[in-house]
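J.: This is the structure, below, for whatever I ask next.
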Amino acid sequence: MTSGFILNFSDGQNESSATIARVGAALVSWTTNGTQLVEPGHLEAVGPFCEGIVMAPWPNRLEDGKWSHQGQTLEFPLNIQSQQNANHGLLIDFPYDVVEQSESSVTLGALIHARMAYPFNVFTTVKYELTASGIVVTHTAENLSNDAAPYAVGGHPYFQIAGVPTGDLILRSDAVTVIDVNERQIPTGKSATAGSRFDMRAGVRVGDNFYDHCFTDLPRDEKGLAHTFLTAPDGRGLDIWQDAEFKHVVIFTPDFYWDKSIDSKRVAAAIEPQTSGANAFKTGDDLKWLNKGEKFSATWGINFR
């Protein structure tokens, strides 16, 4: 059984290719006209920085791995021991199956099966489609259970523009609000970005700013899309867009990123569209409750110019 899927696109002017792993349905490679635009991930297992994975049925942290449902406290295994949190949902290392595939797209599916801490069956899909301008990523979920099921989803891509140090890229976002967190990265409140170090409207250099924060209240264009931009000094840039279902975006700019191809640590830039905030199973922050048979769809994508 294949460990990944290779997509190709060509329209005579633009040529691109991408590799999607079965494990975690992760976007592990994307090249346009010879330029690598994501940090290479792993086909056989989840990368150390969760490169490219799908996060469902919750993204980000769940405090203590616990939540309450119908008067009972339900508990997931902890996968961030230092914080005592359950992180990024239940499909991180799950092998997806092919639902549909063409030369330039693939749809992968995974069933979140009922268990003690999540007594629901929810069938999920993610479709990656290469286009002339970039990639479109569409997530769906259908509740196969009798009871309403809580659900949220997020992507976890790390971006680069090959040949340009990621620290030199300019990050721009018009996000109005940043989520305040404690030392365990659990939300404690909200603050305005304006006038703070989280104000990225004019653009900030990635290497000068460490972020590991969720942003919300995202201004939208006439199509209802929110945008986060990464731009190189030569003007080439990535536009990471997200539709109205994706109400949050996490920006993570560590200076301790590493992979097998290098010996030293370096700066990286993850931009992660999320439909809910962190700890949503406890707070309800933009958490969806899907009724029996209800279907959900949300889309984000990347344009490169």
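The values are calculated or read from the model by the stated rules, or taken from the named source; none is laboratory data. This is a predicted model, so every value here is computed, not measured. Cβ: placed from backbone, ideal geometry, glycine included. Neighbour counts: every protein chain shown. Heavy atoms of the whole protein, side chains included, go into the accessibility calculation; ligands, DNA and RNA do not. Shrake-Rupley method; radii C 1.70, N 1.55, O 1.52, S 1.80 Å.
J.: Identify the residue in segment 1-41 that is more than 18 Å from the chain's Cα centre (by Cα) and more than 22 Å from Ser133 (Cβ to Cβ) and, among all such residues, is least open to solvent (accessible area, probe 1.4 Å).
T.: Gly4
J.: Just one of the numbered conditions (1) touching a residue at least 24 places away in the same chain (Cβ under 8 Å); (2) open to solvent by 70 Å² or more (accessible area, probe 1.4 Å); (3) on the phi > 0 side of the Ramachandran plot is not true of Asp93; which one?
T.: (3)
J.: Quick check: anything in segment 162-169 more than 21 Å from Cys50 (Cα to Cα), without any contact (Cβ under 8 Å) to a residue 60 or more places away in the chain and open to solvent by 30 Å² or more (accessible area, probe 1.4 Å)?
T.: Scanning segment 162-169, I find no residue that is more than 21 Å from Cys50 (Cα to Cα), without any contact (Cβ under 8 Å) to a residue 60 or more places away in the chain and open to solvent by 30 Å² or more (accessible area, probe 1.4 Å), so the answer is no.
J.: If you take the residues in segment 65-81 that are among the polar types (S, T, N, Q) and within 22 Å of the chain's Cα centre (by Cα), which one is surrounded by the most Cβ atoms within 10 Å (Cβ to Cβ)?
T.: In this case the residue turns out to be Asn79.
J.: Just to be sure before I move on: is Val99 open to solvent by 70 Å² or more (accessible area, probe 1.4 Å), under 20 Å from Trp300 (Cβ atoms), of a type in the set (Val, Ile, Thr) and part of a strand (DSSP E or B) in the structure I sent?
T.: yes
J.: Among the residues of segment 211-229 satisfying the criterion of being of a type outside the set (Ser, Thr, Tyr) and crowded, with 16+ Cβ neighbours inside 10 Å, which is farthest from Tyr257 (Cα to Cα)?
T.: Leu225
J.: On to the next question. Based on what the data block shows, is Thr177 within 25 Å of Thr35 (Cα to Cα), at pLDDT 95 or above and under 19 Å from the mean Cα position of the chain (by Cα)?
T.: no
J.: Please tell me if Gly237 is over 23 Å from Cys50 (Cβ atoms) and touching a Phe, Trp or Tyr at 6+ places or on another chain (Cβ under 7 Å).
T.: yes
J.: Are any residues in segment 42-64 farther than 18 Å from Thr253 by Cα and open to solvent by less than 20 Å² (accessible area, probe 1.4 Å), and if so, which ones?
T.: Answer for segment 42-64, where residues must be farther than 18 Å from Thr253 by Cα and open to solvent by less than 20 Å² (accessible area, probe 1.4 Å): Val54, Met55, Ala56, Pro57, Trp58, Leu62.
J.: Something else: Condition check: aromatic (Phe, Trp, Tyr), in contact (Cβ under 8 Å) with a residue 60 or more places away in the chain, over 18 Å from Ala56 (Cα atoms) and open to solvent by 70 Å² or more (accessible area, probe 1.4 Å). Does Trp241 satisfy that?
T.: It is false that Trp241 is aromatic (Phe, Trp, Tyr), in contact (Cβ under 8 Å) with a residue 60 or more places away in the chain, over 18 Å from Ala56 (Cα atoms) and open to solvent by 70 Å² or more (accessible area, probe 1.4 Å).
J.: Name the residue that is nearest to Gly89 (Cα to Cα), counting only residues in segment 117-138 that are touching a Phe, Trp or Tyr at 6+ places or on another chain (Cβ under 9 Å) and in a loop (DSSP other than H, G, I, E, B).
T.: Across segment 117-138, the extreme among qualifying residues is Ala117.
J.: Related question: Please work out which residue is least open to solvent (accessible area, probe 1.4 Å), limiting yourself to segment 170-210 and to residues that are assigned to a loop (DSSP other than H, G, I, E, B) and acidic (Asp, Glu).
T.: The selected residue is Asp199.
J.: Also, I was wondering about something else. Answer yes or no: is there a residue in segment 266-281 that is surrounded by 13 or more Cβ atoms within 10 Å (Cβ to Cβ), touching a His at 6+ places or on another chain (Cβ under 6 Å) and more than 27 Å from Asn14 (Cβ to Cβ).
T.: Checking segment 266-281: at least one residue is surrounded by 13 or more Cβ atoms within 10 Å (Cβ to Cβ), touching a His at 6+ places or on another chain (Cβ under 6 Å) and more than 27 Å from Asn14 (Cβ to Cβ).
J.: Something else about it: Looking at Thr124, Thr138, which is the one that is modelled with pLDDT of 95 or more, open to solvent by less than 20 Å² (accessible area, probe 1.4 Å) and of a type in the set (S, T, N, Q)?
T.: On inspection, the qualifying residue turns out to be Thr124.
J.: Just to check your reading of the model, which residue among Lys190, Lys247, Lys223 is closer than 18 Å to His88 by Cα, without any contact (Cβ under 8 Å) to a residue 60 or more places away in the chain and touching an Asp or Glu at 6+ places or on another chain (Cβ under 9 Å)?
T.: Going through Lys190, Lys247, Lys223 in turn, the sole match is Lys247.
J.: How many of the residues making up segment 225-256 are within 17 Å of the chain's Cα centre (by Cα) and outside any loop (DSSP other than H, G, I, E, B)?
T.: 15
J.: Same structure, new question: Output the number of residues of segment 112-162 satisfying the condition of being of a type in the set (Phe, Trp, Tyr) and closer than 29 Å to Pro254 by Cα.
T.: 4
J.: Can you find, within segment 145-156, the residue that is farthest from the chain's Cα centre (by Cα) among those that are closer than 15 Å to Asn60 by Cβ and assigned to a loop (DSSP other than H, G, I, E, B)?
T.: This residue is Ala152.
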